[in-house]
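All of the numbers you see were taken from the coordinates with simple rules; none came from a lab. Bear in mind the structure is a predicted one, so any value in this text is a computation, not a measurement. No Cβ is skipped: glycine too gets one built from the backbone with ideal geometry, and neighbour counts run over all protein chains shown.
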Amino acid sequence: MFQPTLLSGKRILITGGGTGLGKAMAQRFLELGATVYICGRRQDVLQKTTAELHVAVKGAIYAIPCDVRNLEAVEGMVESIWRDRPLDVLVNNAAGNFIARTEELSAHAFESVIGIVLLGTLHTTMACGRRWLKANHKGTVLSISATYAPVGSAYVVPSAVAKAGVEALTRSLAVEWGNRGIRMNAIAPGPIPTQGAFSRVLPRPELEALALDRNPLHRFGTTEELANLAAFLVSDGSGYINGEVIRMDGGEFLQGAGEFSNLGRALTNEDWESIKPRKTKS
Ligand code: HXC
Ligand code: NAP
């Protein structure tokens, strides 16, 4: 799909790059010639991923344990990367989420998710952005949002609140920093099977079936599809895309929004025939 050198020379940090979508992006970026840094809280997971991708792709990939909720830890990680050379791309992918009835959530539960998703994204974006601005170095930030960010969603309220903030940050800084060479974009994926997400937001087979049922394509997205879109958005080929949130959900969001979208299920062929206007003789 892409020239194999699409991302040659690019240095990319992916938060939460040890698993799921982050790992898939790491693999794709390596295949396209980038140098990749991944971070997460669990060192063993990061090491396993770097070892696996070294064998699979043989690119330059480095793991740095870091909790993005901790500003000092983020500054330390970014500084250690910069000591070698500046980054060119930051991918804010780390997240926390689970389904729950909102009235039952503790303050700590809210803080935990908002801390990872919103504060984590702010910490990394500011750490990289300030360095890029100071050195007049071009940079690109890509954040992984969710389709419910602009409208909210029941049962994932801490995540919805935090992802809405991430999208606001994306659009705000796209304008404030755009004239100084920094692009800000986001991807809003629909459901893509990963252990981390599905175990927490679709923890039962019947919930997966419900999610599949309302998708016009009747399938989930794949990690490869997400990684390809991400590769395009962080590449120079997409240089005029700034401040956008690209939805990638097989049309699921629009299916939910359309007033008459469920008629396909409600009406049979016979029903459609019966409601056609009758031809009257002139
Ligand atoms: C209610 C819960 C809960 C649950 C945790 N808590 N899980 N409350 N229902 N299912 C509460 C805990 O009781 C605790 O509050 C507080 O949240 C923090 O929990 P900890 O386990 O102490 O926090 P921590 O170890 O930091 O773990 C963070 C986490 C965890 C978010 C809770 O799930 C995690 O590490 N997630 C990382 C990966 C992840 O979530 N991936 C999915 C991304 S999918 P108290 O008061 O008891 O101390 C996604 C989009 C999906 O974002 C969209 C699909 C279409
Ligand atoms: P995942 O595998 O659980 O990925 C989350 C990653 O974030 C993990 O590697 C985790 O590693 C890391 N992380 C969590 N808290 C962290 C912290 N405090 N500091 C640093 N890293 C942290 O889930 P995923 O499905 O790949 O999700 C990736 C992104 O896609 C998330 O932004 C998610 O909201 C978004 N998304 C996913 C879907 C989907 O269906 N899969 C749909 C919409 C949006 P550690 O636990 O080791 O820290």
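Please report the relative contact order for the chain, taking Cα pairs under 8 Å with a sequence separation of at least 6, and give it as a percent rounded to a whole number.
Once normalised by length, the contact order is 17 percent.
Output the Kirkwood hydrodynamic radius of the range 59-214, Cα pairs only, in Å rounded to one decimal.
Working: mean 1/r = 0.0596 Å⁻¹.
For the range 59-214, the Kirkwood estimate is 16.8 Å.
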In the chain, what is the count of Lys pairs whose alpha carbons are under 29 Å apart, counting only pairs at least 8 residues apart or on separate chains? 15
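Using a cut-off of 11 Å between beta-carbons, work out the net charge of the residues near MET1 (Lys and Arg +1, Asp and Glu -1, MET1 not included). Before the final figure, lay out the partial values.
Working: positive: ARG28; negative: GLU31, GLU224, GLU225.
With Lys, Arg at +1 and Asp, Glu at -1, the neighbours total -2.
In square nanometres and to one decimal, what's the mean projected area of the convex hull around the Cα atoms of the chain? Intermediate values should be presented prior to the final figure.
Numbers: hull surface 79.1 nm².
For the chain, averaging the hull's shadow over all directions gives 19.8 nm².
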Would you please report the Å³ per residue occupied by the convex hull of the alpha carbon atoms in the range 1-44? 59 Å³
The range 118-189 - percent relative contact order, Cα under 8 Å, separation 6 or more: 42 percent
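Helix-derived [θ] at 222 nm for the chain: sum -39500 (n - 2.57) over DSSP H runs of at least 4, divide by residue count, nearest 500?
On the way: 12 runs with 131 residues, N = 282.
When only DSSP H runs of four or more count, the value is -14000 deg cm²/dmol.
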Report the residue, chosen from ALA162, ALA231, ALA60, that carries the largest GNM mean-square fluctuation when the chain is represented by alpha-carbon nodes joined by springs under 10 Å. ALA60
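Evaluate E = 1/(1 + (r/R0)^6) for ALA60 and ARG265, where r is the Cβ-Cβ distance and R0 equals 51 Å; express this FRET efficiency to the nearest 0.05.
Numbers: r = 50 Å, r/R0 = 0.98.
Efficiency computed from Cβ-Cβ geometry: 0.55.
Which net charge results when you count Lys and Arg as +1 and Asp and Glu as -1 among the other residues whose beta-carbon is under 11 Å from that of ASN262? Can you show the working numbers first?
On the way: positive: ARG214, ARG265; negative: ASP213, GLU259.
Taking every other residue near ASN262 into account, the sum is 0.
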Lone cysteines in the chain, going by a 4.7 Å Cβ-Cβ cut-off? CYS128
Can you give me the Rg/Rh ratio for the range 1-112, using Cα atoms for both radii and the Kirkwood formula for Rh? 1.04
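Which three numbers, in whole Å and largest first, are the semi-axes of the equivalent ellipsoid of the range 151-282 derived from its Cα gyration tensor as √(5λ)? Can you show the working numbers first?
Details: eigenvalues 265, 95, 44 Å².
Each semi-axis is √(5λ); the values are 36, 22, 15 Å.
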What distance in nm separates the two pseudo spin-label positions at ALA100 and ALA154, each 7 Å out from Cα along the beta-carbon direction? 1.9 nm
Of LEU207, LEU229, LEU267, the one that fluctuates the most in a GNM where the chain has Cα springs shorter than 10 Å: LEU267
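Of the peptides 44-52, 64-72, 79-87, how do they stack up when ordered by the mean number of other Cβ atoms within 10 Å, highest first? Present the calculation step by step, with values, prior to reporting the outcome.
On the way: 44-52: 16.0, 64-72: 18.3, 79-87: 14.0.
Packing proxy ranking, top to bottom: 64-72, 44-52, 79-87.
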Output the 0 to 90 degree angle, nearest 10, between the alpha-carbon long axis of helix 43-57 and the longest principal axis computed from the alpha carbons of the chain. 80 degrees
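Quick one: ARG247, ARG204, fewest Cβ neighbours within 10 Å first, how do they rank?
Details: ARG247 20, ARG204 8.
Fewest to most other Cβ atoms nearby, the residues stand as ARG204, ARG247.
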Hey, what angle do you get for helix 223-234 against the long axis of the chain, alpha-carbon based, 0 to 90 degrees rounded to 10? 60 degrees
Most mobile of HIS108, HIS123, HIS54 in a GNM of the chain (Cα contacts under 10 Å): HIS108
